[in-house]
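Each remark here refers to the structure printed beneath this line.
The values are calculated or read from the model by the stated rules, or taken from the named source; none is laboratory data. Keep in mind it's a predicted model, so treat the numbers as computed, not measured. Glycine also receives a Cβ, built like all others from the backbone with ideal geometry; neighbour counts cover every protein chain displayed. Note: accessible area is taken over every heavy atom of the protein model, side chains too, but ligands, DNA and RNA are not part of it. Shrake-Rupley method; radii C 1.70, N 1.55, O 1.52, S 1.80 Å.
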Amino acid sequence: MKTQVVIVGSGPSGLLLGQLLHNQGIDTLILEKHAREHVLSRIRAGVLEQVTVDLLREANVAGRMDREGDVHEGFDIVFAGRRERLDLKRLTNGKTVMVYGQTELTLDLMEAREAAGAKTIYQARNVHLNDIDSDAPSVSFEAGGKTVTVHCDYIAGCDGYHGVCRQSIPDGVLQSFERVYPFGWLGVLSRTPPVSPELIYANHERGFALCSMRSQSLSRYYLQVSLDDNIDDWSDQCFWDELRTRLPAQVATSLVTGPSIEKSIAPLRSFVVEPMQFGRLFLLGDAAHIVPPTGAKGLNLAASDVSTLYRILLAVFREGRTELLEQYSPICLSRIWKAERFSWWMTSMLHRFPGDDFGSRIQMAELDYLLDSEAGKITIAENYVGLPFEPLE
Ligand code: FAD
């Protein structure tokens, strides 16, 4: 078998890259370890930056998102009895974010790929990358009881944090940077109307809370919990009681509760590898970096890597500009580190760190200072809606 670009992983980064390249007549094959239904069952991100929305429109996959997604012009921060709205639209000269679930986005991308006749092989086992530092790389995998080898020009590693692509790079090439936080997020998805039309981020003395949503009838709530907590110890009733405690009284009284349809605890971490390229292999999205979800950046960073690699590959295939390939990693990392900084900062400012009373007072002072200052509010808002994509040259 032969194709121009093998894409490993059919999460948002692999599917979006595949769609953009396919639209330009560049042949791709996506290899996905899991079944289609499994990929679609993962409840994850929900807030899309303006630049991500624009990229989805460029890929011609934005029809349903534009009809059913919710444009948000602001969000609230609550702390120490104060509730402050950040008017994103006003603070950023008209920019907004789109609330549209990652599951829905993934479905739209899968359907667009199927309609275009581009090939995805699900349940591809034992994916193995060969000769990635040569001019003739290939990828082998097992499917339907056979071992298949696909020869290609380039490989896009879109296979997430636990994938095979980053691990295929020889020891000593990559440098990794990591920060692990001493708490996790307990998330609940419920078929109930959101407590507020916009997101609410709360710094409470018992810990962080976030009121988010996926649609007008689907709510997503999170609580900061200890890493020692066990999901079985959190009944739905316990979750709702604790959430009410961490919200302002007028919000808590209007909270509509219901049975959880998904409940999980996720640890929080920051992680980056440098460089994001080795030979003809490029790492994208969670394969190369992780952010704590407080800044809503994970999926959006995956989209910005896609934008960069797509534009570079287009110039390579159309104009033979192979010198651009080595620009991939520095261009991506410049934007990634800014989003890493914002996600770390929002996490540090809004969560309670066990035993750090001094830190808690500093958080209150910082929030008071930032939210009393137009410049402070702009700093939060322009990062939240997303910094512009880095130019290619
Ligand atoms: P992924 O979505 O991880 O996709 C990788 C794909 O590769 C998967 O389909 C996987 O099955 C496949 N794969 C893995 N290994 C192999 C292999 N060996 N061979 C073939 N295929 C393979 N971000 C936010 O912005 N906000 C949030 O609220 C948020 N919540 C999250 C909650 C959870 C529990 C998690 C895990 C992540 C969350 N994120 C959130 C992050 C966001 O979902 C990710 O940043 C985003 O999914 C990255 O997309 P990706 O395509 O790079 O990777």
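Structure values in brief
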quantity	calculated
So residue 166, is it away from the ligand (no atom under 15 Å from the Cβ), within 19 Å of the chain's Cα centre (by Cα) and at pLDDT 95 or above	no
Selection count where residues are surrounded by fewer than 20 Cβ atoms within 10 Å (Cβ to Cβ) and either among the aromatic types (Phe, Trp, Tyr) or modelled with pLDDT under 95 (or both), scope the range 147-163	1
Boolean, residue 371 is farther than 26 Å from residue 177 by Cβ, surrounded by 21 or more Cβ atoms within 10 Å (Cβ to Cβ) and more than 13 Å from the ligand (Cβ to nearest atom)	no
Tally, over the range 98-107, of residues that are open to solvent by less than 20 Å² (accessible area, probe 1.4 Å) and either among the basic types (Lys, Arg) or touching a helix residue (DSSP H, G or I) at 6+ places or on another chain (Cβ under 7 Å) (or both)	4
Filter pass, residue 358 being more than 20 Å from residue 269 (Cβ to Cβ) and either in contact with a strand residue (DSSP E or B) (Cβ under 7 Å, 6 or more places away or on another chain) or among the hydrophobic types (A, V, I, L, M, F, W, C) (or both)	yes
The range 360-378 residues that are within 21 Å of residue 94 (Cβ to Cβ), paired with ones that are among the aromatic types (Phe, Trp, Tyr) (beta carbon under 8 Å, 6 or more apart)	376/369
Criterion (under 21 Å from residue 347 (Cα atoms) and in contact with a Gly (Cβ under 9 Å, 6 or more places away or on another chain)) met by exactly one of 191, 220, 214, 206	220
Residue that is farthest from residue 102 (Cα to Cα), among those in the range 4-32 that are more than 15 Å from the ligand (Cβ to nearest atom) and of a type in the set (S, T, N, Q)	4
Residue that is surrounded by the most Cβ atoms within 10 Å (Cβ to Cβ) [pool: residues in the range 227-245 that are part of a helix (DSSP H, G or I) and touching a strand residue (DSSP E or B) at 6+ places or on another chain (Cβ under 7 Å)]	243
Restricting the range 215-225 to residues that are open to solvent by less than 50 Å² (accessible area, probe 1.4 Å) and among the small types (Gly, Ala, Ser), the residue that is farthest from residue 105 (Cα to Cα)	219
Unique residue being touching a Lys or Arg at 6+ places or on another chain (Cβ under 9 Å) and either closer than 30 Å to residue 59 by Cβ or free of Cβ contacts under 8 Å to residues at least 24 places away in the same chain (or both) when the list is 385, 306	385
Counted residues, the range 253-287 - those being part of a helix (DSSP H, G or I) and open to solvent by 10 Å² or more (accessible area, probe 1.4 Å)	1
Which numbered condition residue 44 misses (of (1) at pLDDT 95 or above; (2) within 16 Å of the ligand (Cβ to nearest atom); (3) among the charged types (D, E, K, R))	(1)
Conditions (1) open to solvent by 50 Å² or more (accessible area, probe 1.4 Å); (2) of a type in the set (A, V, I, L, M, F, W, C); (3) more than 30 Å from residue 2 (Cα to Cα): number failed by residue 86	(1)
Residue check for residue 355: open to solvent by 50 Å² or more (accessible area, probe 1.4 Å) and farther than 22 Å from residue 90 by Cα	yes
Failed criterion for residue 291 (all others in (1) under 18 Å from the mean Cα position of the chain (by Cα); (2) open to solvent by less than 10 Å² (accessible area, probe 1.4 Å) hold)	(2)
Selection count, the range 84-124, where residues are within 12 Å of the ligand (Cβ to nearest atom) and under 15 Å from residue 39 (Cα atoms)	12
